[in-house]
Amino acid sequence: ASGNLKAILLNSDGNKLTTSNFVADIDVKRADGVGTVRKVAQADSSLNIFLTPGIYHMCAFHMDMTGKSFVPTDTTFTMTENGSVDLGTVTAQVDSAHLKGKVVDTSGKAISGIQLQALNETGCNRPAATTDTNGNFDITVGAGNWTVGLATSSDPTKSQVAPATATVANGATVSGLSIALRTIDSTVSGSVVDANG
């Protein structure tokens, strides 16, 4: 790794990501999924690491970052062999975008109490919501490309037909997302045998 990345990463209020007796972990991930996790410096919340060539994005894990994120364009960069990238000071923003829609079954009937999760390309933030009595959901997110689907703790008798995707700017709202679920109500049975039966 010969490319050098430098940045100073701050909370939305301008404070260092070293408060609450916890130093932030910064996930720096290449487009193919390869990456590393490093802590910011205690003294000034800076990051100084070496990387291999590629297109990267990064995000922060810190208890003070709940409901906050970095603007993707501020934390996406290309590293070259022996290159040097200085992102300067990057300040988080309070997430204020909304992904709204409805969960229905294959007949179009609304389904309440379904736990949903939104996942963006960084993989750091996974905001969640539960559908109301009319099957509606409203997930607060930051800027970026999002995929909305069933959370891992959802009803195991439901299967998602296809995920809903959206690109949103912070402060904006994407409405009309539709998620269709099918009921898992069939049984497949049989036996597994060796070559001798």
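The values are calculated or read from the model by the stated rules, or taken from the named source; none is laboratory data. Keep in mind it's a predicted model, so treat the numbers as computed, not measured. Here the Cβ positions follow ideal geometry from the backbone for every residue, glycine too, while neighbour counts run over all protein chains shown. For accessibility, only protein heavy atoms count, side chains too; no ligands or nucleic acids. Shrake-Rupley method; radii C 1.70, N 1.55, O 1.52, S 1.80 Å.
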Exercise for the section: Using a 1.4 angstrom probe, figure out how much accessible area the chain has per residue, in square angstrom, rounded to the nearest whole. Expected result: 52
Completion exercise
Semi-axes a, b, c in Å (a largest) for the stretch 38-109, each sqrt of 5 times a Cα gyration tensor eigenvalue, come to 34, 18, 11
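Rounded to the nearest 5, what % of DSSP beta bridges with both residues in the stretch 8-131 are antiparallel?
The answer is about 90 percent antiparallel.
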Handout entry: Reach of residue 158 by Cα under 17 Å, taken over aspartates and glutamates that are not fewer than 8 positions away in the same chain
Key = 105, 132, 185
Exercise for the section: Round to a whole angstrom and tell me the spacing of the C-alpha centers of the stretch 166-189 and the stretch 1-17. Expected result: 34
Problem - Angstrom value of the Kirkwood radius, inverse mean 1/r, which spans all Cα pairs in the stretch 124-178 - result: 12.5
Practice task
Please report, to two decimal places, log10 I(q)/I(0) for the stretch 8-67 at q = 0.24 Å⁻¹ as given by the Debye formula with identical point scatterers on the Cα atoms and no solvent.
Solution key: -0.96
Handout entry: With every protein chain in place, the chain: carbon and sulfur % of accessible area (1.4 Å)
Key = 50
Completion exercise
Candidates for Rg/Rh (Cα atoms, Kirkwood Rh) are (i) 1.91; (ii) 1.01; (iii) 1.10, and the calculated one carries label (iii)
Handout entry: Label-to-label distance, nm, for residues given as residue 32 and residue 19 (7 Å Cα→Cβ offset)
Key = 4.0
Handout entry: For the stretch 50-156, size of Cβ-based charge dipole, Lys and Arg +1, Asp and Glu -1, in debye
Key = 280
